[in-house]
1. Just checking, does the stretch 149-166 include any residue being within 21 Å of M59 (Cα to Cα), free of Cβ contacts under 8 Å to residues at least 40 places away in the same chain and outside any strand (DSSP E or B)?
2. Looking only at the stretch 127-148, count every residue that is farther than 30 Å from D88 by Cα and in a strand (DSSP E or B) and tell me the total.
3. Restricting to the stretch 70-104, and then to whatever is hydroxyl-bearing (S, T, Y) and either over 17 Å from the mean Cα position of the chain (by Cα) or under 12 Å from R124 (Cβ atoms) (or both), can you tell me which residue is surrounded by the fewest Cβ atoms within 10 Å (Cβ to Cβ)?
4. For the condition modelled with pLDDT of 95 or more, touching a Leu at 6+ places or on another chain (Cβ under 6 Å) and in a strand (DSSP E or B), what is the one hit in G68, G99, G112?
5. Take the stretch 167-195 and flag every residue that is outside any strand (DSSP E or B) and within 23 Å of L57 (Cα to Cα).
6. Return yes when T40 is within 19 Å of the chain's Cα centre (by Cα), modelled with pLDDT of 95 or more and polar (S, T, N, Q) and no when it is not.
7. So, of the residues in the stretch 140-195 that are surrounded by 17 or more Cβ atoms within 10 Å (Cβ to Cβ) and acidic (D, E), which turns out to be nearest to D83 (Cα to Cα)?
Amino acid sequence: MRKILPLAISLLIIGQLSAQETLFNNLDVTGAFGAVIVETGAINGEVGADVGGGGALIMSPVFIGGYGMGTSYPVHTITQGDDAGEYDLKFGHGGLWMGIVPKSDKLIHFYGSTKIGWGKARLRQDKDNVFTDRVFVLTPELGFEVNLTEWLKMTFTGGYRWVNGATRLQELDNDDFSSPLGTITFRMGGFTDDF
């Protein structure tokens, strides 16, 4: 009896929870896409480009998926101490990508997304990692999207890359990686008429 009563209560609770309305209850998967992402921002005061990609399931008007970004700029110079010298800076991150694209059947329409990711920032000499730190990256963006074809969409957004966790990179910190961004994204894939 001691084992049956908790089991019965658990089944009753699960049944009630499954009958409740949920946030994603009325969303249907209406397609999927793959994307090429090019971000322009600054690292350590030097403007450059990060290149990456991602993919997501479309549940009109939102999408949820994943992304990955990486770059190898700029060269960072440590001016003092035993570690003085030039280092190649490598910065990469990836994680969850979610967004909203209402009225996407219009030629030009609103686009918003957020990337929530984790990654590494590294200072390298002769292809060896000398200093490495793990970072958390949050990148919200807003802009507009243009339907180039039925299967290809191009977005233009402005956003901000907020970085936290850079503490062991010799003279570099979170502010050196955080930056306003301009982003162009090419989304390619199977969209239905209602997305």
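The values are calculated or read from the model by the stated rules, or taken from the named source; none is laboratory data. Just so we're clear, the structure is a prediction, and the values are computed from it rather than from any experiment. Here the Cβ positions follow ideal geometry from the backbone for every residue, glycine too, while neighbour counts run over all protein chains shown.
1. Scanning the stretch 149-166, I find at least one residue that is within 21 Å of M59 (Cα to Cα), free of Cβ contacts under 8 Å to residues at least 40 places away in the same chain and outside any strand (DSSP E or B), so the answer is yes.
2. Step one: filter the stretch 127-148 for residues farther than 30 Å from D88 by Cα, giving 142-148.
Right, trim to in a strand (DSSP E or B) and you get 142-147.
Going through the stretch 127-148 one residue at a time, the tally reaches 6.
3. Here is the first cut: in the stretch 70-104, the residues hydroxyl-bearing (S, T, Y) are 71-73, 77, 79, 87, 104.
Filter once more, so that each one left must be either over 17 Å from the mean Cα position of the chain (by Cα) or under 12 Å from R124 (Cβ atoms) (or both): 72-73, 77, 79, 87, 104.
Values: S72: 15, Y73: 17, T77: 11, T79: 8, Y87: 21, S104: 19.
Checked the stretch 70-104; the qualifying residue surrounded by the fewest Cβ atoms within 10 Å (Cβ to Cβ) is T79.
4. Working: G68 fails: touching a Leu at 6+ places or on another chain (Cβ under 6 Å); G99 fails: touching a Leu at 6+ places or on another chain (Cβ under 6 Å).
Of G68, G99, G112, the one residue that is modelled with pLDDT of 95 or more, touching a Leu at 6+ places or on another chain (Cβ under 6 Å) and in a strand (DSSP E or B) is G112.
5. Taking the stretch 167-195 first, the residues outside any strand (DSSP E or B) are 167-178, 192-195.
Answer for the stretch 167-195, where residues must be outside any strand (DSSP E or B) and within 23 Å of L57 (Cα to Cα): T192, D193, D194, F195.
6. Yes.
7. Restricting to residues being surrounded by 17 or more Cβ atoms within 10 Å (Cβ to Cβ) and acidic (D, E), the top hit is D176.
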